[in-house]
1. Quick one: with all protein chains in place, what share of the accessible area of the stretch 191-287 is carbon or sulfur, to the nearest percent (1.4 Å probe)?
2. What would the Debye formula give as log10 I(q)/I(0) at q = 0.11, 0.17, 0.20 Å⁻¹ for the alpha-carbon point model of the stretch 152-289, no solvent?
3. Per residue, how large is the accessible surface of the stretch 57-113? Use a 1.4 angstrom probe and give square angstrom.
4. Ordering Val430, Val222, Val410 by how much accessible area each has at a 1.4 Å probe, largest first, what is the list?
5. I'd like the FRET efficiency for Ala468 and Asp198, computed as 1/(1 + (r/R0)^6) with the beta carbon distance as r and R0 of 51 Å, rounded to 0.05.
6. Return the distance in nm (one decimal) between the two label points of a simple spin-label model at Ser112 and Leu482, each offset 7 Å from Cα along Cα→Cβ.
7. Over 5 Å intervals from 0, what percent of Cα-Cα pairs in the stretch 322-387 sits in each interval?
8. Just report the Cα centroid separation between the stretch 198-254 and the stretch 346-399, whole Å.
Amino acid sequence: MSASNPTEPDATQGGTAMSGVVARGALVNVLGGVGKLLLPASLVIITRLFGPDIVGLFVLGFIMIDVATNLTVSGINDGVLMLASREDVAKDDARVHRVVANGFVLSLAAASVILIAAWVGGPALIRLAMVDAERLEDAERVAPLVQVMVLSVPFRVVSTVVIAATKVKMTMKWDALLAGFCRSATFLVAAIIAYFVDGTAVSLAWAYVAGWVAVGVASMFVFRLYYRYAALFAELARLKISWELVRFAIPQNLNMAFGRFATDIDAVMLAYFSVPTEDLAFYWMGGQIVRNVRQIKLIFSGAYAPVIARMHAMGEHIAMNQSFSMVSRWATTLALPAALVIVFFRSDLIWLFHETFTDDTRFMLLLLIIPLLSCSVGLASNVIVMTGHSGWNLFNSLTMAAINIALNYVLIPRFGILGAAAASVIASVVTSSMALLEARVIVGVSLQLGQVYKPFVAGLAGLAVSTAWLWMGPATTMLTNLTGCALALTSYVGVLFALGIPQNDLDTLLPWRTASRA
């Protein structure tokens, strides 16, 4: 292997060096997390402007487009990241460009299929799915939204391939800047303009398209910072389909689609049982608030994915084990206090979206379990995918979707939105356990309990204080919530420091301490 590029971390230094890469990448991704928080902040403004009925229709259209996109292109993105990372380790620039060229061609081909399907058969399929007489009017209103929103797909897939290609170079900031700030800010500005133009659901759909157009155009300029268009076009001219990428992408596409579908199946099933669009918007917005906790996991997993691929290519299995536990501990440590804040302020947060959102918010407490699982053990799925075992993740997603549909069918008629939330939680617990077992058996990577228990113990202390305060404390007001939340967070942090911060965390996150001791 040739000498390492001085601008990149030396992968041969093992787990410590790579953990430093993840830490620096995660720090950059915090910026993207802030940027992506603009999206729920945008939804607050948009719901206030357009009203929950229009936003409920937008949610249905959004879910349909998101599932279709994941079904056809998301696995290609992961395949580009995994295969190009391997070639980059080998310093084979031509093969890296070849993988990226395949990513562009396959993604745009899949996007074309989505476009044709949405315009030719989309309306009929939507009417068939919403054949219940009470939903036919909604079907007629959703169909044109989907036909507009699908125009975003080519720009979305191009930007996704570019972002994956930049991560191959161990550069994490463009996911933050493009998918975070650029998309959210453009969507918000376009939505405000759309409201003052005509304020319809279709104009809101055009605002959604504008966000992805901005990201797609910007990504073309970003690409040339790390790659050569001449080399890309040369590979396109003599293109040979990478069947390894195709074999990886097909099950991973299905995995991401079913995973995304399983995530939103509760909202779809609520619509199936004729829940009004206003109530659907209430439930979906509550879910969006809760899912922001998962952004903490994504902050780390976005930086960790190319590291896994490199470690696996170099046979650094011991380092993979160590880094898996370390990064999971970091994500869990940050996710638990964020969850405690939502526990106390969930009703206030969802009310921000619309003044009519004043119903029971206990479903959000159930839904909180899902992002906490994602942060604490969800990196097992990344390990499975980035080591080339995408078929197992597909099996997990199919299982999750099947369990979720069956439980939603049983629980929603009896318990409404609480039943929908419970179904999603049970499905998530089962599939998270499956992913942990598969990572251990198939890849040989497992969580080391001695490395991850501290935030859980501290979290139990914070949960105990929260439970006592909310169930036996004073009447709920902003002041009492602030007091209770402060006590819970203080308990969490106090126990965490009493247990001690692991030395390898200090060495990784505060490298100047190590240099000073040396």
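1. Numbers: 3030 of 4320 Å².
On the stretch 191-287, the fraction of accessible area on carbon and sulfur atoms equals 70 percent.
2. -0.60, -1.17, -1.32
3. Values: 1530 Å² over 57 residues.
Averaged over the residues of the stretch 57-113, the accessible area is 27 Å².
4. Numbers: Val430 55, Val222 10, Val410 85 Å².
Largest to smallest exposure gives the sequence Val410, Val430, Val222.
5. On the way: r = 51 Å, r/R0 = 1.01.
Approximately 0.50, to the nearest 0.05.
6. Once both label points are built, they end up 5.9 nm from each other.
7. 3, 16, 21, 18, 13, 11, 9, 6, 2, 0
8. Answer, in whole Å: 26.
The values are calculated or read from the model by the stated rules, or taken from the named source; none is laboratory data. All of these numbers come straight from a predicted model, not from anything done at the bench. FYI the Cβ positions are ideal-geometry reconstructions off the backbone, even for glycines, and counts take in every protein chain you see. Keep in mind that these areas ignore ligands, DNA and RNA; they rest on the heavy atoms of the full protein, side chains included. Shrake-Rupley method; radii C 1.70, N 1.55, O 1.52, S 1.80 Å.
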